[in-house]
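Beneath this line is the structure, given in structure tokens, with notes to follow.
The values are calculated or read from the model by the stated rules, or taken from the named source; none is laboratory data. Nothing here was measured: the structure is a model prediction, and the numbers come from that model. Here Cβ is always computed from backbone atoms with ideal geometry, including for glycine, and neighbour counts include all displayed protein chains.
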Amino acid sequence: MREREVPSQVLGMMNKERDWTCSKLGGVDIEYLKNLPSELKLEFDGERIHAFHATPEMIPQSSSDEAINEKLMVKEADIYPHIK
């Protein structure tokens, strides 16, 4: 994680959750997760879809619409779902 990417008041709990999750996963599970694509580009009923889990860079909640579009809307698509 990058500095200031996660608010300090939730970082401790997030680390505990990560540690618990890692304790439940085996090598095969971790390898599977490592090999998942970071994005999907699909077409469904003529609509182009660009789906992704996250962006490589942090986008603060206070970002302007223009800044968000610059970082997220980089692929030609009609729909941009984000899995949270």
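Things to note:
- Scanning the range 9-42 for residues that are within 30 Å of Met73 (Cβ to Cβ) and among the hydrophobic types (A, V, I, L, M, F, W, C) yields Val10, Leu11, Met14, Leu33, Leu36, Leu40, Leu42.
- Residues within the range 1-54 that are under 13 Å from the mean Cα position of the chain (by Cα), not aliphatic (A, V, I, L, M) and not in a strand (DSSP E or B), tallied: 4
- The C-beta contact set for the range 32-51 (first residue more than 21 Å from Lys71 (Cβ to Cβ) and in the same structural domain as Met73 (by TED's automatic domain parsing), second residue among the aliphatic types (A, V, I, L, M) and exposed (fewer than 12 other Cβ atoms within 10 Å of the Cβ), distance under 7 angstrom, 6+ apart or interchain) comprises Glu47/Ile79.
- Residues that are at pLDDT below 85, within 22 Å of Glu5 (Cβ to Cβ) and touching a Leu at 6+ places or on another chain (Cβ under 8 Å), drawn from the range 20-63: Ala51, Phe52, Thr55, Ile59
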